[in-house]
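The values are calculated or read from the model by the stated rules, or taken from the named source; none is laboratory data. Everything numeric here is computed off the predicted structure, so don't read it as measured data. FYI the Cβ positions are ideal-geometry reconstructions off the backbone, even for glycines, and counts take in every protein chain you see. The area values use the complete protein model at the heavy-atom level, side chains included, leaving out ligands, DNA and RNA. Shrake-Rupley method; radii C 1.70, N 1.55, O 1.52, S 1.80 Å.
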Amino acid sequence: MSQPHIRFARLDDEDGLARLDRAAWSTLHAVEPKPLPPYDPFFSERFGPRDHLVAEFDGRLAGYVRIAYPTSLAANTHVRQIQGLAVAAEARGAGVGRALVRAAVEHARKAGARRMTLRVLGHNAPARALYESEGFTVEGVLPEEFLLDGKYVDDILMGQAL
């Protein structure tokens, strides 16, 4: 598989991103219940196309990353946060997640951000390894923050200076 093409999402990506997001759902990374019909729209008032970078292979959506402000406070507008990352099953292991994380960091840097943060579940070893390999370090742990599939799971805050 070649390198993915990374671009901003467009309004016409709505259905494809919604399907990808539902297909990628797992308690490995999701704290909300599995989505059931009728499904909420992928884009919302809070997160639109310009808050998402998408990866494509041969014109097909292979993944996305959501980049947002961590809060609505003016005092931390210098920080961007990854608030969602999903890769299509058929594209896993092909560098899509890595390309999206790198693109998100570069986008935040170009936008003038000084820091990039994210939250990841403690049991999500593949995501944690990816983030660590891309320069993120653990900055905080909320022990047993979530109860998923009958097990308590840590919520881990990771970040890096840009």
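Exactly one residue out of Ala86, Ala104 is in contact with an Asp or Glu (Cβ under 7 Å, 6 or more places away or on another chain), crowded, with 20+ Cβ neighbours inside 10 Å and either under 26 Å from Asp13 (Cβ atoms) or of a type in the set (D, E, K, R) (or both), and it is Ala86. Remark: pairs (first residue in the stretch 73-92, farther than 27 Å from Thr27 by Cβ; second residue open to solvent by less than 30 Å² (accessible area, probe 1.4 Å) and of a type in the set (S, T, N, Q); Cβ separation under 8 Å; 6+ apart in sequence or on different chains) = Val79/Thr117. Taken together, Arg80, Arg98 contain a single residue that is in a helix (DSSP H, G or I), basic (Lys, Arg) and either open to solvent by 50 Å² or more (accessible area, probe 1.4 Å) or at pLDDT 95 or above (or both), which is Arg98. Consider the stretch 1-44 and keep the residues that are basic (Lys, Arg) and open to solvent by 60 Å² or more (accessible area, probe 1.4 Å). The one that is farthest from Arg98 (Cα to Cα) is Lys34. Restricting Leu73, Leu61 to residues that are among the hydrophobic types (A, V, I, L, M, F, W, C), at pLDDT 95 or above and open to solvent by 90 Å² or more (accessible area, probe 1.4 Å) narrows the list to Leu73. On the stretch given as the stretch 1-18, residues that are under 16 Å from Phe57 (Cα atoms) and assigned to a helix (DSSP H, G or I) total 3.
Among the residues of the stretch 135-152, which ones are without any contact (Cβ under 8 Å) to a residue 60 or more places away in the chain, within 16 Å of Leu28 (Cβ to Cβ) and either open to solvent by less than 80 Å² (accessible area, probe 1.4 Å) or touching a strand residue (DSSP E or B) at 6+ places or on another chain (Cβ under 7 Å) (or both)?
Glu145, Gly150, Tyr152
The C-beta contact set for the stretch 106-117 (first residue assigned to a strand (DSSP E or B), second residue of a type in the set (Val, Ile, Thr), distance under 9 angstrom, 6+ apart or interchain) comprises Arg115/Val79; Met116/Ile67; Met116/Val79; Met116/Ile82; Met116/Val105; Thr117/Val79; Thr117/Ile82.
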